Amino acid sequence: MMNKFSESDFLVLRGPLESGRQSPGGLGGVLVLAVILQALMLFLEHFVGGYSVYPNKDIIFQFHFGISCIIAFLSVIYMIPAVYMNSQKIQYFLSIIASQNLFGISFLIMAFLALGADITTNTNSLVRLTFLTLGVGVLIFFSTYIRFYFLLKKGEFRKGSTRDIQRSKLETKSYLPIVIIGSTGLVFILQYIMRNFDMVGFDTIIMATIMIGLFYTMLFVLPEQLVILYCKYRFDSFNYEQNGQLKPIHDQDGNIVDENVDEDISYKELYEEMEDWEKN
């Protein structure tokens, strides 16, 4: 479905790459931080899980611990410049998994364990709450993906002289359906918790709701992460040279395109125009 779009349809997504925030070196530093924070989250999961009555909590923790260890091991490997400069696509894919695992899955597990630690009965309601939360998450992900697709179709990720102003206005409006879905889901979840867990403290309810909100936030950014990963595999300009410089954009003839020019004028064409001007 994405194959019908050209490179120019995705150029706005090069922004984080152009700024260096998602450069291989920058992602290497993020992976270092993710390993440390993930270890802390696993410790908290183990600690809170000791007091929680959430069903199958030990199996969930063991599975999550094993997956997190694999991610951490790979993260250590892709912190090495000699490795990540030759495997930039894999490093970016790993950074997506690491960030989703840390700020999405870990916080979701912590939310349910915290609720389970504050009650001694009514575990069936915890299971129903889990399915409710995951169902809202699926809606958020697919609605965000559909929104992203239609923005691509409208050309909202093309480079243009008025792109920033126009896109900021349009995106503010296009966020509205997703914000409605997410906020409505959180309200239902909050109401469900307050009605079914009478013994749960208000501080635990607020903390669990915030953690579930973080999980939804990560699902909201996941489609863009996946599209950028797709662009890194399809377009060479979404990757970096060995010297750390972002690769330039090329036109269909292989000429380098000046991104600051509104039309797709290559450096070769500009050079020819300068030669004609000098002759005249």
Considering segment 40-64, residues that are of a type in the set (A, V, I, L, M, F, W, C) and surrounded by 13 or more Cβ atoms within 10 Å (Cβ to Cβ), and then whichever is farthest from the chain's Cα centre (by Cα), we arrive at Val53
How many residues, within segment 77-135, are more than 23 Å from Ala208 (Cβ to Cβ) and assigned to a helix (DSSP H, G or I)? 16
Of the residues Leu27, Leu33, Leu42, Leu17, only one is in a helix (DSSP H, G or I), under 15 Å from Met110 (Cβ atoms) and not basic (Lys, Arg); which? Leu42
Reported set for segment 8-60 where residues are without any contact (Cβ under 8 Å) to a residue 60 or more places away in the chain and polar (S, T, N, Q) is Ser19, Asn56
Is there any pair with a first residue in segment 226-244 that is polar (S, T, N, Q) and a second that is assigned to a loop (DSSP other than H, G, I, E, B) and surrounded by fewer than 19 Cβ atoms within 10 Å (Cβ to Cβ) whose Cβ atoms are under 8 Å apart and which are 6 or more apart or on different chains, and what are they? Ser237/Lys247; Ser237/Pro248; Asn239/Lys247; Gln242/Met85
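Yes/no matrix, rows are residues, columns are (1) under 30 Å from Ile119 (Cα atoms); (2) surrounded by 14 or more Cβ atoms within 10 Å (Cβ to Cβ); (3) modelled with pLDDT under 55:
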| site | (1), (2), (3) |
| --- | --- |
| Thr204 | yes, yes, no |
| Met207 | yes, yes, no |
| Ser237 | no, yes, no |
| Gln245 | no, no, no |
| Asp253 | no, no, yes |
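The values are calculated or read from the model by the stated rules, or taken from the named source; none is laboratory data. Fair warning: this is a prediction, and the values are worked out from it, not measured in the lab. Don't worry about glycine lacking a Cβ; one is built from the backbone with ideal geometry, like all the others, and counts go over all protein chains shown.
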